[in-house]
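Let me begin by presenting the structure, written as structure tokens, before commenting on it.
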Amino acid sequence: MHLGVVFPQIEIGADPGVVRAFAETAEGLGYDSILTYEHVLGADPARHALVGPYTHMDAFHEPFVLFGYMAGITTTIELWLGVLVLPQRQTALVAKQAATLDILSGERFTLGVGVGWNQVEYHALGQDFRTRGRRFEEQIRLLRMLWGQDLVTFEGEFDQMEAAGINHRPNRQIPLWIGGWADPVLRRIGHWADGWLASAGSPKTAHLPDRTGNPVGLANRMKLVEAAAREKGRDPSEIGVGMLIGDVGFEGLVPWDPAEFAHRTRVWEDAGVTHSFLGTLGQDFTPAQHIAAMEEFMVAYRHGG
């Protein structure tokens, strides 16, 4: 089991010393990765109909800059972006940023991507919220080409380029994971992704809800990924599955209990999850308590929680 920890973006603050302490503690405790969320802009819910949990009151560090800092103060821990709202960003720029981070971190970067939910953010960044699904699929193909070829000629609906490329290119195809749970997302994962960031759920039932809130078993959702992978001639066993442990998910906030969180991690592993990420957001923790919780969880996990 790959064991990561979620960087508590909206609660950690902007003190560089605290960010450094979080990263160094996670690495020292033996976590495999630090995962961070991202939003460029928050919107005022009094003015906009928002379907997601974050507003203009929630503070987010820019993820590529954040990970550039963390890469410089750590040596082994992986850096996971889970997830970048890809269709609201320029594809070639994302390819360049990801390549630079992967090279300078010593190939410790994993790019998680999704389509997002904040229409206000899309509009402010000059992108069409309504076409995000189509653009996302096109962008995945172009990212792979830019990472793998010196010169790319591409004529898509949203991106066009002729005989151009990023330099430096990464020394590998950067691992690309996709977040979400709707049927089209699962098909995209099976077709193109290295893994599925499945969000959070209750291991007591091993259920994830669909968009209507109806319970859908994790195993059944994984079957959709597997079928899509076979359509493309891919081996489904090579596609990872990532789950948030304890963070605010579909069942609501799970009260902090290191032993319970460790138990949930092992239950998800038995259900086929390959990557688990400890989340401590929403617990009314101070930055120091977020850092302490990492140690409390690791002690419980190592003692068979």
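The values are calculated or read from the model by the stated rules, or taken from the named source; none is laboratory data. Every value quoted in this text rests on a predicted model; they were computed, and no experiment measured them. Cβ placement follows ideal geometry from the backbone for every residue including glycine, while neighbour counts extend to all protein chains displayed. All accessible areas refer to the heavy atoms of the entire protein, side chains included, with ligands and DNA or RNA removed. Shrake-Rupley method; radii C 1.70, N 1.55, O 1.52, S 1.80 Å.
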State whether the residues of segment 221-239 include one that is in contact with a Phe, Trp or Tyr (Cβ under 7 Å, 6 or more places away or on another chain), open to solvent by less than 10 Å² (accessible area, probe 1.4 Å) and among the small types (Gly, Ala, Ser). no
Against the conditions (1) surrounded by 15 or more Cβ atoms within 10 Å (Cβ to Cβ); (2) in contact with a strand residue (DSSP E or B) (Cβ under 8 Å, 6 or more places away or on another chain), where does Met1 fall short? Just the number, please. (1)
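This table checks each residue for (1) buried (at least 16 other Cβ atoms within 10 Å of the Cβ); (2) under 20 Å from Leu93 (Cβ atoms); (3) aliphatic (A, V, I, L, M).
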site: Gly148; (1), (2), (3): no, yes, no
site: Leu151; (1), (2), (3): no, yes, yes
site: Glu155; (1), (2), (3): no, yes, no
site: Glu162; (1), (2), (3): no, yes, no
site: Trp177; (1), (2), (3): yes, yes, no
site: Ala182; (1), (2), (3): no, no, yes
site: Ala193; (1), (2), (3): yes, no, yes
site: Ser199; (1), (2), (3): yes, no, no
Out of segment 73-112, which residues are within 16 Å of the chain's Cα centre (by Cα) and β-branched (Val, Ile, Thr)? Ile77, Val83, Val85, Val94, Thr110
Yes or no: Thr286 farther than 17 Å from Gly30 by Cα and out of contact with any helix residue (DSSP H, G or I) (no Cβ under 6 Å at 6 or more places or on another chain)? yes
What's the number of the only condition in (1) hydroxyl-bearing (Ser, Thr, Tyr); (2) part of a loop (DSSP other than H, G, I, E, B); (3) surrounded by 19 or more Cβ atoms within 10 Å (Cβ to Cβ) that Tyr122 fails to meet? (2)
